[in-house]
Structures are given as C-alpha cells and as structure tokens.
Amino acid sequence: MTPTLFDKIQADLKQAMLSKDGLRTSVLRLLVSAVRYYQVEKSLPALADEDVVQVLKRQAKQRRDSIESFAIANRTDLAEKERQELTILENYLPKQLSEAEITTLVKAAIAETGVASKAQAGLIMKSVMPKLQGRADGKLVNQIVMKLLGA
C-alpha cells in the first residue's frame, strides 16, 4: 500500500521533532491538526490526498494573506516567519503552473467560450478553475483573465 500525503506529512513531523527543527515541527503540527479538524468537520472516515491538498491550500492562503498584512504594517520580521512557513507548506502542494502555462489555458478557454468582455470573466473562471485544480492561485488566474479580456 502506497503512503498517502497525510502519512508523508506525519512522517516528516516525526523527523522534524527528532532533528529538533522548531519551525518545521510547529508548522507540521498545525497542519496535522487542521487536517484532522477537516476530517471531523466533514465526517470523513478516511482522508484522500485531495482532502489534504484542500487543507494545505487553505493554510497556504492564510500565510500569503498574513505576509501581505505584515508587509503593509511594516513588520518584516513577522512577514519573514510567515514566508518560511509558507515555503514548508508549499513542499506538500502540487507543483504550481507558471504564468505562461496559465495564460495558455485561459486563452484556450476564451476561444472555447467566445467571451470578449470583462463582464463575462466569470464564465472563463468557471471554465478554467476546474482544470487548474490546486495548481494555480485563483487570484493570479483572475488577474490573467482580466488582462487578456482587457487587451
């Protein structure tokens, strides 16, 4: 039986604890807790990798938002800590697509749907986001859609 993503996270947590890596231990403990909470919240008997990725995406988004807030508040020390935590979390997320790859998918969706105005950007997003499933940030995709529709 192949180990699941959650098994890998738990094994990495154990390893981080043994090597006394405080930051990594802290981040992975919070992640394990969030995943278990998600499992209880959704009443899931077992966790699929997609469920763990869902929690990872949520945790990563929280870190990105915090980095932005700390940067605005001129708290570079806290922003840096959040960046380090985000880096640890991103190791478990699926590989993110580049801007060029996203642009290619968005252009294909625009051609497919025939949308020509920014008012119909939602149709493009609806078409593209399932294809990107966790491999691209929705905010970035939206910016690319708006840029292409505005051109």
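In the set (1) loosely packed, with under 12 Cβ neighbours inside 10 Å; (2) under 20 Å from the mean Cα position of the chain (by Cα); (3) basic (K, R), K57 fails one condition alone, (1). Against the conditions (1) under 30 Å from L13 (Cα atoms); (2) not assigned by TED's automatic domain parsing to the domain that holds S26, T103 satisfies every one except (1).
Considering only residues in the stretch 1-31 that are among the hydrophobic types (A, V, I, L, M, F, W, C) and surrounded by fewer than 17 Cβ atoms within 10 Å (Cβ to Cβ), the one that is nearest to G134 (Cα to Cα) turns out to be L30. Restricting attention to the stretch 95-104, the residues being among the charged types (D, E, K, R) and either outside any loop (DSSP other than H, G, I, E, B) or touching a helix residue (DSSP H, G or I) at 6+ places or on another chain (Cβ under 8 Å) (or both) number 2.
Scan the stretch 22-38 and tell me whether some residue there is within 15 Å of the chain's Cα centre (by Cα) and of a type in the set (K, R). Checking the stretch 22-38: not a single residue is within 15 Å of the chain's Cα centre (by Cα) and of a type in the set (K, R).
Of all positions in the stretch 44-54, none carries a residue that is touching a Pro at 6+ places or on another chain (Cβ under 6 Å), within 30 Å of A16 (Cβ to Cβ) and not in a helix (DSSP H, G or I). Select from the stretch 105-151 the residues that are among the charged types (D, E, K, R), closer than 28 Å to Y92 by Cβ and assigned to a helix (DSSP H, G or I) and list them in ascending order. Selection gives K126, K131, K139. Among the residues of this structure, K61 does not count as one that is closer than 20 Å to L31 by Cβ and outside any helix (DSSP H, G or I).
The values are calculated or read from the model by the stated rules, or taken from the named source; none is laboratory data. The structure displayed is predicted, hence computed values, not measured ones. In this analysis, Cβ positions are derived from the backbone assuming ideal geometry, glycine residues included, and neighbour counts consider all displayed protein chains.
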